[in-house]
1. Given a cut-off of under 8 Å on Cα pairs at least six residues apart, what relative contact order in percent is computed for the chain?
2. Using modelled backbone amide H atoms (1.01 Å from N, in-plane), which distant-in-sequence or interchain residues come within less than 5 Å of F211's amide H?
3. Work out from phi, with θ = phi - 60° and the Karplus expression 6.51 cos²θ - 1.76 cosθ + 1.60, the ³J(HN,Hα) of each residue of region 79-92, listed in order in whole Hz, and give x for Gly and Pro.
4. When the Karplus curve 6.51 cos²θ - 1.76 cosθ + 1.60 is applied with θ = phi - 60°, which whole-Hz ³J(HN,Hα) does each residue of region 55-64 get, with x for Gly and Pro?
5. Of I37, I20, which has the most accessible area and how do the rest follow, probe 1.4 Å?
6. Return the long-range amide H neighbours of I175 (sequence gap of 5 or more, or a different chain), with a cut-off of under 5 Å between placed amide H atoms.
7. Could you tell me how many degrees, from 0 to 90 and to the nearest 10, lie between the Cα long axis of helix 243-258 and the main elongation axis, the longest principal axis, of the Cα atoms of the chain?
8. Can you list the GluC sites (Glu not before Pro) in region 75-163 that are in a DSSP coil and have 11 or fewer other beta carbons within 10 angstrom?
Amino acid sequence: MADKYAVIGNPVAHSRSPEIHAAFARETGQDIAYGRILAPLDGFAAAVRAFREEGGRGLNVTLPFKHEAWNLVDRHSPLAMDARAVNTIEFREGSMRGHNTDGIGLVRDLVANLRFAVGGRRVLLMGAGGATYGVLEPLLREHPRELIVANRTFDKARALVAHFANVRGVATRSISARPYGELPGASFDLVLNATSAGLRNEMPPLPQDVFAPGALAYDMVYGRDTPFLRFARERGARTADGLGMLVEQAAESFYIWRRRRPSTAPVIAALRAKTQA
Ligand code: NAP
């Protein structure tokens, strides 16, 4: 019988994870069945336990349960521990292990797919929610010259920077929090949108001169032309959405579960073709 995996969230109907993992399984010859679980907002832990009792081998966790998953698992990978969020659960040898693959996915998309070296660059990261917690440490490990976190609720950006100041082995001297209102006059080589603003056709209040020449503007929201991406294009920046990150973080989950590394380029291309159709 095929090994069972699923993505769990609320809502979850929109998730592309089942088709991504089905493509990975076909390519690597793995016999898996990957479904969707809509967990009630107050029933995440019960849904995870039920899936495990049915013989489930692993879960991807999406909004709004990533922090709850962090509390639920009994072991954490170092990245998940620091991120305070779990997007991948592995049921192995009687334990429930939590991982966070979002940051690895983002960095692979930037560095390997988009050929954008983060090292030595000035980076603006917008948002201070779960996505920002997940990507911050892998980004810092690329050694940007400077990484500024801006968030609408500034206290959250400040708390996030204080949290990562205690993380071992990352260059925390290069990271700081700044309100949007204090950004004018500073320009960045990489502007990352880790807010959910694009889902509501909104964008954070960026100054006109935020992009340095040759800058990359990256929106983690995928499959839609967000106001942030339009703003960036109109100012001559190169742009990318979060589709590559989505596939790369899934590939890392697949590797954790199956110890096989699938090719991501054909899956990104196939999903891209569908979103443009
Ligand atoms: P979250 O925890 O709900 O945080 C949302 C963040 O967006 C907060 O910092 C919030 O600011 C900010 N925000 C929302 N509307 C805004 C607006 N109009 N102007 C300025 N800031 C605004 O969500 P999350 O888990 O961090 O996810 C953020 C986005 O990343 C989502 O759209 C998600 O789909 C995407 N994502 C993509 C991938 C991928 O693989 N491509 C992976 C993970 C996440 P306040 O603190 O002020 O409320």
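1. 16
2. Those lying under 5 Å, H to H, from F211 are F188.
3. 5, 5, 4, 6, 6, 6, 8, 10, 10, 9, 10, 10, 9, 9
4. Result, rounded to whole Hz: x, x, 9, x, 9, 9, 10, 10, 3, x.
5. I37, I20
6. Those lying under 5 Å, H to H, from I175 are L147.
7. Taking Cα atoms only, the helix is inclined about 40 degrees.
8. In loop regions of region 75-163 (DSSP not H, G, I, E or B), the sparsely surrounded GluC sites (Glu not before Pro) are E93.
The values are calculated or read from the model by the stated rules, or taken from the named source; none is laboratory data. Only a predicted model underlies this, so the values are computations on that prediction, with no experimental measurement involved. Neighbour counts run over all protein chains shown; Cβ positions are idealised from the backbone, glycine included. All accessible areas refer to the heavy atoms of the entire protein, side chains included, with ligands and DNA or RNA removed. Shrake-Rupley method; radii C 1.70, N 1.55, O 1.52, S 1.80 Å.
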